[in-house]
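Bear in mind that the values in this text are calculations on the coordinates, not laboratory data. Model, not experiment: these values are computed from the prediction. Here Cβ is always computed from backbone atoms with ideal geometry, including for glycine, and neighbour counts include all displayed protein chains.
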Amino acid sequence: MNAFVDGVLRSLGLAFAMTWEVTWALVLGFALSAVVQAVVSKRRMSELLPDDSPRSIALASLLGAASSSCSYAAVALARSLFQKGANFTAAIAFEFASTNLVIELGLIMAILLGWQFTLAEFIGGPIMIVLLAFLFRLFLRPKLLEAARAQAERRLRGSMEGHAAMDMSVTEDGTLIQRALSQEGLTAISHYFVMDWAAVYKDVFGGLLIAGFAGTFIPDAFWRSFFLSDQPALAAVWGPLIGPLVSVISFVCSIGNVPLAAVLWNGGISFGGVISFIFADLIVIPILNIYRKYYGRRMMIFLFVTSYAAMASAGLLVELLFGALGLVPAQRVAIVAAPQITLNYTSVLNVIFLAVALGLVIRALRTGVGPMLAMMDEPPPSPEEVAAASASAGSEAAYVCPMHPEVRRGSPGRCPKCGMALDRAPSLRTESPGTPRG
């Protein structure tokens, strides 16, 4: 019993040590992501992604990299884009970029694993997206796509739909810096910062705890045997193949899988295996269940198979490329350290960025983020509900909040409840809606 208790304490100590190492980077990454989201609007995304051309896929990837890193929000937003007429392949490319090409992921990987892994992530991520788009073009049939569209229109609840629908971006006149530093911009940054943390904290700290317990209770000999460490050539292929499957059963997504990736790297998984493991946060079991609700069982299976193939292939290509360039680290020294706090650059940066986080949280609380947090996991109003609310207000209500249909105005402005720009009321729009595209 004492040995078990000691093991639990060591596990918690490892989790704390990794948390302390990455705290400043998490705050910096989420703050930078919030700045980008505050000046890049989601509203025209569906119009910008009409097909699966290289231009649309590239634009989807850039927009994804500028969005929240929450896997659940990315999945919900991809469905919303698809419902509004975006091409399905482009919407999924956006989703994959949202969780694999974001700033905070790169920072955490650099600290826990090393800069080579960050470079591999940002090279391998686009490779994976290109491979996925290629597989979609080869195997996605119109009948399956139409069935997925019909299922999406049922608007079954998944997770974080409200968070995905919120858009407080400041797009009025001014440069990006002027918009970000305006009062509305600073408020939007604080709200995005707090909501992004609220969306992923379970995955982040759950991943740290899993990594701590795995590092303590699973012996290195098991990992070395499982990953075929004594057969380097075979391990280089086996790692990218098995990495995504280990991720599937870990239940951890968003950036929460990086600490466990550090444990796996120390245990003997190949370089490409680490990358494919991190890629696979979008095929963990909870996400697969949401795919089933959003698009139907057949599309869920299609997404799992094609995603796995793209992730494993991209991981293998990264293994070969970085091996040929001599960029695969020779030593397995990912940070899985003993719990201690010393006066070093990490401690100084943590204090500075925790102060920044506190400032953002205070501003968010003072500007009404509370009700928005409550709505994050709630489905946004349907177009029919928004139209009905607008019609009940009469002809004077030309503008309505897409998240709060009860907020109606006769002129453009921002919703006092959530800060989102008011939309033209659906019943008053003169343009015809776009035709959905596959």
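Inter-label distance, residue 173 to residue 361: 3.9 nm, where each label sits 7 Å from its Cα along the C-beta direction. The simple Förster model, with R0 at 30 Å and r as the Cβ-Cβ distance, assigns residue 32 and residue 53 a FRET efficiency of 0.55.
Evaluating 6.51 cos²θ - 1.76 cosθ + 1.60 at θ = phi - 60° for every residue in region 242-253, the Karplus couplings come out as 8, x, x, 6, 5, 5, 4, 8, 7, 6, 9, 10 Hz, glycine and proline recorded as x.
Within a straight-line Cα-Cα reach of under 19 Å, residue 293 can be paired with the following lysines, leaving aside sequence neighbours fewer than 8 residues apart in one chain: 84, 143.
In a simple Cβ point-charge model (Lys, Arg +1; Asp, Glu -1; nothing else charged), the chain has a dipole of about 780 debye relative to its Cα centre. By definition, a body whose alpha carbon gyration tensor gives a ≥ b ≥ c is prolate when a/c is 1.5 or more and a/b is larger than b/c, and region 50-143 fits this prolate description.
If R0 is 35 Å, the Cβ-Cβ spacing of residue 5 and residue 251 corresponds to a FRET efficiency of close to 0.90. Converting phi to 3J(HN,Hα) with the Karplus coefficients 6.51, -1.76 and 1.60 and the offset θ = phi - 60°, region 306-315 yields 5, 5, 4, 4, 5, 5, 5, 5, 5, x Hz in sequence order, with x at every glycine or proline. Measuring between their Cα centroids, region 162-199 and region 68-99 lie 19 Å from each other. Spin-label pair residue 301-residue 181: with each label point 7 Å from Cα along the Cα-Cβ axis, the two points sit 5.7 nm from one another.
May I ask for the net charge around residue 182, where only other residues with Cβ less than 11 Å from the Cβ of residue 182 are counted and Lys, Arg are +1 while Asp, Glu are -1?
Taking every other residue near residue 182 into account, the sum is -2.
For the chain, adding -39500 (n - 2.57) for each run of n ≥ 4 DSSP H residues and dividing by the number of residues yields -22000 deg cm²/dmol at 222 nm. Exposure proxy shown here: for 300, 311, the number of other Cβ atoms within 10 Å sets the order, fewest to most, as 300, 311.
Simple spin-label estimate for residue 119 and residue 351 gives 3.4 nm between the two label positions (7 Å along the Cα-to-Cβ direction from each Cα). For a straight C-alpha distance cut-off of 19 angstrom, the aspartates and glutamates reachable from residue 202 (same-chain residues fewer than eight places away being disregarded) are 21, 104, 161, 281, 377, 378. With R₀ set to 51 Å, the beta-carbon distance separating residue 234 from residue 382 gives a calculated FRET efficiency near 0.45. Classify region 106-177: rounded, prolate or oblate, from the alpha-carbon gyration tensor (a ≥ b ≥ c, eigenvalue square roots; a/c under 1.5 rounded; otherwise prolate if a/b is larger than b/c)? It comes out oblate by the Cα gyration axes. Work out the charge dipole of the chain with +1 on the Cβ of Lys and Arg and -1 on the Cβ of Asp and Glu about the Cα centre, then indicate which of 367, 66, 90 is farthest towards its positive end. After comparing all options, I get 90. For the pair residue 154 and residue 288, the difference between a 0.36 nm per residue extended length and the Cα-Cα distance amounts to 46.5 nm.
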